[in-house]
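The values are calculated or read from the model by the stated rules, or taken from the named source; none is laboratory data. All values derive from a computational prediction rather than experimental measurement. With ideal geometry, Cβ positions are generated from the backbone for all residues, glycine too; neighbour counts draw on all protein chains shown. Please note that ligands, DNA and RNA were not included when accessible areas were found on the heavy atoms of the full protein model with its side chains. Shrake-Rupley method; radii C 1.70, N 1.55, O 1.52, S 1.80 Å.
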Amino acid sequence: MKTLGLIGGMSWESTAIYYRHLNEIVRERLGGLHSAKLLLWSFDFAEIAERQHAGDWRGAAALMIDAARRLEEAGAEGLLICTNTMHKLADEVQAAVSIPLIHIADATAAAVKRAGCARPALLATRFTMEEDFYKGRLTEKYGLSPAVPDMAGRDMVHHVIYEELCRGIVNEASKAAYIAEVERMRRDDGIDSVIMGCTEITMLIGEQDFDIPVFDTTRIHAQTAVEFALGEL
């Protein structure tokens, strides 16, 4: 089993979910007392969030690259960035190390295509919904046609992520708002599925809330990482 290096703490709420998923999936696959071989670099998320909202992506990249190099030096054989948003810097991180980075959008797109879906709603931070680093990859590399909420919907989704989920707050009113936004997008945008494109969103909604396919990027990323660790990719 290869050792995985996790760049986490963005936020720690979802990194804790990654840690559980990775270990549970390995135990399911190998049985007995098996668990995942992991190294974790966990950021003080305030340092990252400040740079995100200030548009200081160069500063954020320097922090991410330093974390990646430290994990490689410590013995990691593959990397996970445990957040969708910071995949904005995935190319810079990959270029700075010699071990492979397992890209969350690639893993998610493969799952969407396996399910026969083509027009997923992308619920995520404003950075992921409004910029092209994620949507563009889904479109150009995989031929998908992702849709994002309108401006009011994007504001709501982003606010819930940073002001609630990243702080460990799960609010029933916010869950209802997410579900209502998905229903509006089904009516107005013709979506056929939902990508939970922020790793914290799995705390709020899931497959049980919809009658269309829902793709939990946290679980999908962890599953793909285990496949890599076990030599199946």
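Per-structure values
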item: Single match in A107, A152 (criterion: assigned to a helix (DSSP H, G or I), at pLDDT 95 or above, under 29 Å from D189 (Cβ atoms) and open to solvent by 50 Å² or more (accessible area, probe 1.4 Å)); result: A152
item: In the range 62-102, the residues that are within 16 Å of A124 (Cα to Cα) and either assigned to a loop (DSSP other than H, G, I, E, B) or open to solvent by 20 Å² or more (accessible area, probe 1.4 Å) (or both); result: C82, T83, N84, K88
item: Residues of the range 1-35 classified as touching a Phe, Trp or Tyr at 6+ places or on another chain (Cβ under 8 Å) and small (G, A, S), total; result: 4
item: Some residue of the range 167-190 being in a helix (DSSP H, G or I), in contact with a strand residue (DSSP E or B) (Cβ under 6 Å, 6 or more places away or on another chain) and open to solvent by 10 Å² or more (accessible area, probe 1.4 Å); result: yes
item: Residue that is most open to solvent (accessible area, probe 1.4 Å), among those in the range 207-233 that are in a loop (DSSP other than H, G, I, E, B) and closer than 19 Å to P146 by Cβ; result: P213
item: Count of residues meeting criterion [open to solvent by 10 Å² or more (accessible area, probe 1.4 Å), closer than 16 Å to F215 by Cβ and aromatic (F, W, Y)] in the range 110-149; result: 1
